[in-house]
Amino acid sequence: MKFTFTDKKVNLPKSLHNYAEKKVGKLDRYFKNEAEANLVFSVEKDRNKVELTIRSGGTILRVAESTSDMFASVDAAVTSMERQLRKHKTRLEKRLRQGAFVQPEGLEETSFVPDVEEREFQVVRTKRFPIKPMTVDEAILQMDLLGHSFYAFKNEDGGAFAVVYKRNDGGYGLIEDEE
């Protein structure tokens, strides 16, 4: 597994990076391809935050955890990532390494994450509407007028399909098709 560490507005000791590499490295058994792990460490409002993103093939997994201790945040992020992998294991088994979820014989279960019964995705409502060409500013205005947290539109500037969304920090984000 390849690791990338980013420290935002905080100076962390090398021992924390080594600790995170050891903990996150245990998740490598789930992936057949060489996985890339990006860890972002930051401190927000006296909370130590760790954002963990793992890319393997076409699969991207992401978790963010925040606690009062950076080491505990790393542990919580690894536990959340493992929980996410186990929750969607039947869907992910086709993409991840064969036998990733099989426990070797004679070995005790080392995970503290309980097995969760997986539910089928259920589409409860379908909407159809024409996607109109507009600018990003018009799309944000339309989203705010509707009171939604996202809005899909055709970008007038590039002609590509795009989505604007509200971010947790109060700003806006834009997702565009590469076309």
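The values are calculated or read from the model by the stated rules, or taken from the named source; none is laboratory data. Fair warning: this is a prediction, and the values are worked out from it, not measured in the lab. Backbone-built Cβ (ideal geometry, glycine too); neighbour counts: all protein chains shown. Areas reflect the complete protein model, heavy atoms only, side chains present, ligands, DNA and RNA absent. Shrake-Rupley method; radii C 1.70, N 1.55, O 1.52, S 1.80 Å.
Here are some notes:
- Cα gyration tensor shape for segment 1-73, rounded if a/c is under 1.5, else prolate or oblate: prolate
- Within the straight-line cut-off of under 23 Å between alpha carbons, the lysines reachable from residue 166 are 8, 45, 49, 127, 132, 154, sequence neighbours fewer than 8 places apart in one chain being disregarded.
- Charged neighbours of residue 37, selected by a Cβ distance under 9 Å, balance to -1 (K, R count +1; D, E count -1).
- Residue order by solvent-accessible surface for 30, 172 is 172, 30, largest first, with ligands and nucleic acids left out and a 1.4 Å probe.
- For residue 155, the shell of other residues with beta-carbons less than 9 Å away shows a net charge of -3, using +1 for Lys and Arg and -1 for Asp and Glu.
- Heavy-atom accessible area for residue 22, with the other protein chains in place and a 1.4 Å probe, reaches approximately 140 Å².
- Residue 138 accessible area, assembled protein chains, probe 1.4 Å, Å²: 90
- Extension reserve of the residue 68-residue 138 stretch, reckoned as 0.36 nm per residue once the Cα distance is removed: 21.1 nm
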